[in-house]
There are 4 protein chains.
Amino acid sequence: MSKENINIVQQFASDNYSGICPEALSAMQDANFGHASSYGDDAWTGRAANAFRQLFETDCEVFFVFNGTAANSLALASLCQSYHGVICADSAHVETDECGAPEFFSNGSKLLVAHSADGKLTPDSIHELATKRQDIHYPKPRVVTMTQPTETGRVYTTEEVQAISAACKAHGLSLHMDGARFANACAKLEQSPAELTWRSGVDVLCFGGTKNGMAVGEAVIFFDRKLAADFDYRCKQAGQLASKMRFLTAPWVGLLESGAWLTNAAHANRCAAYFAEQIATIPGVTIVSAVDANAVFVHASEGILEPLQKRGWKFYTFIGGAARFMFSWDADLARIDELVRDLQECALSAKDALV
Amino acid sequence: MSKENINIVQQFASDNYSGICPEALSAMQDANFGHASSYGDDAWTGRAANAFRQLFETDCEVFFVFNGTAANSLALASLCQSYHGVICADSAHVETDECGAPEFFSNGSKLLVAHSADGKLTPDSIHELATKRQDIHYPKPRVVTMTQPTETGRVYTTEEVQAISAACKAHGLSLHMDGARFANACAKLEQSPAELTWRSGVDVLCFGGTKNGMAVGEAVIFFDRKLAADFDYRCKQAGQLASKMRFLTAPWVGLLESGAWLTNAAHANRCAAYFAEQIATIPGVTIVSAVDANAVFVHASEGILEPLQKRGWKFYTFIGGAARFMFSWDADLARIDELVRDLQECALSAKDALV
Amino acid sequence: MSKENINIVQQFASDNYSGICPEALSAMQDANFGHASSYGDDAWTGRAANAFRQLFETDCEVFFVFNGTAANSLALASLCQSYHGVICADSAHVETDECGAPEFFSNGSKLLVAHSADGKLTPDSIHELATKRQDIHYPKPRVVTMTQPTETGRVYTTEEVQAISAACKAHGLSLHMDGARFANACAKLEQSPAELTWRSGVDVLCFGGTKNGMAVGEAVIFFDRKLAADFDYRCKQAGQLASKMRFLTAPWVGLLESGAWLTNAAHANRCAAYFAEQIATIPGVTIVSAVDANAVFVHASEGILEPLQKRGWKFYTFIGGAARFMFSWDADLARIDELVRDLQECALSAKDALV
Amino acid sequence: MSKENINIVQQFASDNYSGICPEALSAMQDANFGHASSYGDDAWTGRAANAFRQLFETDCEVFFVFNGTAANSLALASLCQSYHGVICADSAHVETDECGAPEFFSNGSKLLVAHSADGKLTPDSIHELATKRQDIHYPKPRVVTMTQPTETGRVYTTEEVQAISAACKAHGLSLHMDGARFANACAKLEQSPAELTWRSGVDVLCFGGTKNGMAVGEAVIFFDRKLAADFDYRCKQAGQLASKMRFLTAPWVGLLESGAWLTNAAHANRCAAYFAEQIATIPGVTIVSAVDANAVFVHASEGILEPLQKRGWKFYTFIGGAARFMFSWDADLARIDELVRDLQECALSAKDALV
């Protein structure tokens, strides 16, 4: 079977349509040499953990799991008990797209949902949810989870993170950051990962590797080592301990030591910005909100979007009620130009049809 | 950092010390081309599922998860409720080495343990556990899980599987097969996978890919499609749905379409047999039981084993109270010869010391 | 210590402030004679189960548990798996007042919440939630739970129950009825329990005993016996099997055989209606919605409610944003008159203060 | 229906065949006066908690739940996480008779079972289980649960409890005491409840009320208040918070303030001792072990036991492989004499048959 038959031409429906970036693949190939101790007791895993410690400029505890659903759910479960509540935005991935995984891993914790236009939590929304119910008939709020960038492509500034952290401390809540696209936030803010996380009060970060260019894998990073007690057992029991761990960790070495983690994200962000710029003046097409990271959300009529899909373009429309175009580490400018051109033509046809 | 510093010379402690076999790696590289739909909606995943259907000569339902702990636990959870019991041998991996994962995924199912010298269940032991308690104060037996080959390296014959299946049917129990090394059983018995499983009454098989030459990944195969209802939701919620699924499934295509799944296993088995043959006459060294698959369990005094470890050899001693030597798809005969030589010398020294 | 010091004068904050009704207490005392087999294998338990079968005119399966939280959660858990969704109204007790119990007992099922002014689900709201998401990234809807009467004191008509049942069938959903105050609905509708439940499509009913006059205890009634498979094990494992079961079931015999279950509820309903009637013309006091059962929800300014509380009256204000007055099986008309008088006086004072 | 038809004449199969003792019933009746705040916010509950604090001479945290399965499981769940192990004797009720409840409430904790002839744990058995596995592939031991008295009717001396506590401290384990018949241990040892628990290193005690003469109810007592954090939420979520709490707590007031908790247990113990004494010389009948509390385990041939059952006597034979005779707070000496006589006659007949 030819490769062409199996894979598809570049699309902008999701950044997880992309493949493995060269730095990650090459490290994985390098790791495929001889034998290595299993379950993380190998040199690649130690090296990857150290690369994280260097990146974050602190002696954090690092765990490697298979995917984001597990990373977030295990981290949250480690911060609360089944009768506790987890405060999140209503568009948070943990609430909308993980099929009840946080509830499953924690054996019943309830997500306490803050309505939010841009997917961002605020100190006020946290305060409201943290104080709404104080009786034992309702789960006791215990953790806040924020998505950085949000599902709707917005990036929290460091000041916003700090303000949220202050609200958490005021209410005795732990602060978890779902960083499935954390690198994109770093690229946007041009601040150090340390600044964006523990120096601003984040307790635990789930750092996404898959969308950043890996085949599979996320890192769970505990800045407060005490919170990580027995987390290795938790991962093992929950089916998240890889036996041939080196193949989950070598790619991290490739990404982190080369700096590709950041250049990948910066490229994706730039492509999103470029696309937004190109379509800004197309009549009937509105960009929904600021393009902070690698997503562009677009409002357009069915008369525009349907023909666009008929031309073969894929995009999600179920998030935030808009058409989402997502740019990955390998986004190709020429292919974006094709998309822009098709979108222009579809918009024009739709306009003509109205006249 | 040079590769040599990171990985170790070939060892025989576990078959998960080995790397990725050429067929799996090459397919993974082939899959790394362009974009592909995520979460299994891609051509590689369909192709891998079909390869399994061909291999098993039936229209089975196939799911791809990250590791064996999850594969077994999710399969068992789908076959019972929290108040049910799962019958297994006392040396079963689910009982001894998965940190309570079956109990976690099922929210409390109890493992009902049959004592077994060679790790094999028998119709009698199943009958005993299935009838021991019939009151609601004890979990109701609902599933039998057998490990093929067993943790102690023994292979159930097709007749044995059929007899177990008959016992299951007599007691209304489902039959699950933990096939972390299923390929090694096939290689040993020289019978078709269909014969060894559904034709002999197995309801669900967890087919191990990692030890068979993949980086990561196991397949859960439901021969009775009704039992697979909503299993995709179960996987998703439990953090076992890969977003870039093609990298979990392309290696299966590589293994299955090339036949490497079987040649890898056959090589490993041969190496175990070769090692057993070479050490058979070493004084003070006894092979514990028949070498059916890719493991050799050896009884020897501390006076022999300690010096062997000091020479740099790694092996487990916590399974079945013996020293376990495990041979992987890439086991190297020359390296085995080194091990044999060292074992001979250690045995000789120990004998001399006694005199 | 005198009794007066320990208990309080009659209040209308909740119907669970009331004690044990004579019929229930007397049966409990009768049951306290000699020895009886434990765990439900006694004559009282059989008699109570039969009384339910007679009441519902069908050979239903009946289980006795300690409280409503457990009754609802166990029933729901038996109707779905952890990755399924449970459709309910946003004011449903399972959503607002059980501290995540349904999520806990089911190991993670998500409550899918329909916004509802009067606490009632409708075929439309069920249809909307049942079809909103069809992908594996979100819990699959599997059960509908309706509260009869609703938390806001409204009673579904038989036609409404039938319409909901039809919507459930159309979407492959089971129908559970939370009947913590089911007797009050029966008293209101003057229809047979059979008509209000299984003949209208209800699969499982949780029939509340505590608010109906018992000390402790609810019944879980499966009209479709197949759905009750192994439910006895589920209760046992979840800590809901009483050893001295007769003391949980004899009161049911007392309530059901004497008809007190219905007269108790009718009295409570009448008291609510009486109260509503008496306060209907008090200026500044508005009854929020139709008084179908034993609750009256009242809108009034803080200037009225605060002085009322200062006079020693207790009522909840956190349900439906109104002051709730709840009338129990033992509600005393003279005491209600006192409440009416005080409310009138407080309303008058508040009005005077405004002038 | 006459009472006689519903209840049975006194039996010795289990102490939960007995009814409610006068002191508990009378308090329950006293509590049934007027209204009381629900969910434990009433005077009876405060009074019961204080009675426990006085009894234990310390400011412990006290929670009231419905039954022993829940009491033990919730207490254990509060002391460990799902990936931890709970050390217990192989005959412990949590292992043999709670249908996997500890695994359910803790979401997967594994019971690590010590083989024990008399049901007692020892420092050695704890040490062995605490150190057997130190890797993440097996649940990490975190709690020890001891049953006082044991399922086989033996009472730990204070010195034995202290030695176990020392072993726990040495291995960083919490110590839980399943005191379903704790009062019987106190009666046997004639030491203060404080001495037998927290002064000897017990962290949490489940104090059984049902077998002590109540209709329903157990108390969970945390001597280390920090361990009780949010335990009220845990109870609520798990369906163990009674709404009309006074009826669960007033009986405790009745038992504790009157001293009946101890006189009830002492009577039961005396009856067991009396029975043991009376049958000591019957040929073919052997008392299995020391009669410390209210159980007598008897070895006798089927030729003796079967005729005894045919005469209408009930006793369990599935615990410890012997016939168990259990004496409750209301055991009647005349009825015991009848049993002794019948046992003598059966033994004699069996002997004659052999000749």
Can you tell me which residue is farthest from A:SER73 (Cα to Cα) among those in region B:233-247 that are assigned to a helix (DSSP H, G or I) and at the interface with chain A (Cβ under 7 Å from one of its Cβ atoms)?
B:PHE247
It is to be established whether one or more residues within region D:288-295 are open to solvent by 10 Å² or more (accessible area, probe 1.4 Å), over 25 Å from D:ALA183 (Cα atoms), polar (S, T, N, Q) and not assigned by TED's automatic domain parsing to the domain that holds D:VAL94.
no
What's the total number of residues in region B:63-77 that are open to solvent by 10 Å² or more (accessible area, probe 1.4 Å), more than 8 Å from every other protein chain (Cβ to nearest Cβ) and closer than 15 Å to B:CYS99 by Cβ?
0
For region C:86-110, give me the residue count where each residue is surrounded by fewer than 24 Cβ atoms within 10 Å (Cβ to Cβ), of a type outside the set (Ser, Thr, Tyr) and within 10 Å of chain A (Cβ to nearest Cβ).
3
One residue from D:THR69, D:THR58 being closer than 30 Å to D:PRO251 by Cβ, outside the structural domain of D:PHE297 (by TED's automatic domain parsing) and part of a loop (DSSP other than H, G, I, E, B)
D:THR58
Output the residues belonging to region C:314-331 that are in a loop (DSSP other than H, G, I, E, B) and at pLDDT 95 or above.
C:PHE327, C:SER328, C:TRP329, C:ASP330, C:ALA331
In region D:7-25, residue nearest to the other protein chains (Cβ to nearest Cβ) [restricted to those that are assigned to a helix (DSSP H, G or I) and open to solvent by 10 Å² or more (accessible area, probe 1.4 Å)]:
D:TYR17
For residues that are in a helix (DSSP H, G or I) and at pLDDT 95 or above, tally how many sit in region A:275-302.
5
Take the conditions open to solvent by 20 Å² or more (accessible area, probe 1.4 Å) and either hydrophobic (A, V, I, L, M, F, W, C) or in a helix (DSSP H, G or I) (or both) and apply them to B:ALA272. Does it pass?
no
Looking only at region D:332-351, and only at residues there that are over 20 Å from D:CYS271 (Cβ atoms) and open to solvent by 40 Å² or more (accessible area, probe 1.4 Å), the one that is modelled with the lowest pLDDT:
D:LYS351
Among the residues of region A:215-232, what is the count of those that are out of contact with any Lys or Arg (no Cβ under 8 Å at 6 or more places or on another chain) and in a loop (DSSP other than H, G, I, E, B)?
4
In the list D:VAL216, D:VAL220, which residue meets the criterion of being open to solvent by 10 Å² or more (accessible area, probe 1.4 Å), assigned by TED's automatic domain parsing to the domain that holds D:ALA77 and under 22 Å from D:ILE20 (Cα atoms)?
D:VAL216
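Rundown of residues vs (1) of a type in the set (D, E, K, R); (2) part of a helix (DSSP H, G or I); (3) in the same structural domain as B:GLY213 (by TED's automatic domain parsing), yes/no style:
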| position | (1), (2), (3) |
| --- | --- |
| B:ALA27 | no, yes, yes |
| B:THR45 | no, yes, yes |
| B:VAL94 | no, yes, yes |
| B:CYS99 | no, no, yes |
| B:PHE104 | no, yes, yes |
| B:VAL113 | no, no, yes |
| B:ASP118 | yes, no, yes |
| B:LEU121 | no, no, yes |
Pairs returned, first residue in region B:120-144 that is more than 23 Å from B:ASN72 (Cβ to Cβ), second residue that is aromatic (Phe, Trp, Tyr), beta-carbon separation under 9 angstrom, 6 or more apart or interchain, are B:LYS132/B:TYR138; B:ARG133/D:PHE318; B:ASP135/C:TYR39; B:ASP135/D:PHE318; B:ILE136/B:TYR83; B:ILE136/C:TYR39; B:ILE136/C:TYR233; B:HIS137/C:TYR39
Is it the case that B:LYS211 is closer than 30 Å to B:ALA31 by Cα, touching a helix residue (DSSP H, G or I) at 6+ places or on another chain (Cβ under 6 Å) and basic (Lys, Arg)?
yes
Quick check: anything in region A:146-163 open to solvent by less than 10 Å² (accessible area, probe 1.4 Å), outside the structural domain of A:ALA293 (by TED's automatic domain parsing) and in a strand (DSSP E or B)?
yes
Residue set C:VAL220, C:VAL216; condition in contact with a Phe, Trp or Tyr (Cβ under 8 Å, 6 or more places away or on another chain) and more than 9 Å from chain D (Cβ to nearest Cβ); output residue C:VAL220
When residues of region C:26-53 are filtered for being open to solvent by 40 Å² or more (accessible area, probe 1.4 Å), under 22 Å from the mean Cα position of the chain (by Cα) and in contact (Cβ under 8 Å) with a residue 12 or more places away in the chain, how many remain?
0
Going through region A:32-50 in order, the residues found to be closer than 14 Å to A:LYS236 by Cβ and more than 9 Å from every other protein chain (Cβ to nearest Cβ) are A:GLY40, A:ASP41
Of the residues in region C:164-200 that are within 11 Å of the chain's Cα centre (by Cα), in a helix (DSSP H, G or I) and among the aliphatic types (A, V, I, L, M), the one that is nearest to C:ILE287 (Cα to Cα) is C:ALA185
Any hit, region B:254-263, residues being within 16 Å of the chain's Cα centre (by Cα) and within 14 Å of chain A (Cβ to nearest Cβ):
no
Return yes or no: is B:ASP118 at pLDDT 95 or above and either open to solvent by less than 10 Å² (accessible area, probe 1.4 Å) or not polar (S, T, N, Q) (or both)?
no
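The values are calculated or read from the model by the stated rules, or taken from the named source; none is laboratory data. Just so you know, these numbers come straight off a predicted model, no measurement behind them. Cβ coordinates were reconstructed from backbone atoms using ideal geometry, including for glycine residues, and neighbour counts include every protein chain displayed. Ligands, DNA and RNA are stripped out before the accessible areas are found, and what is left, the full protein with its side chains, is counted by its heavy atoms. Shrake-Rupley method; radii C 1.70, N 1.55, O 1.52, S 1.80 Å.
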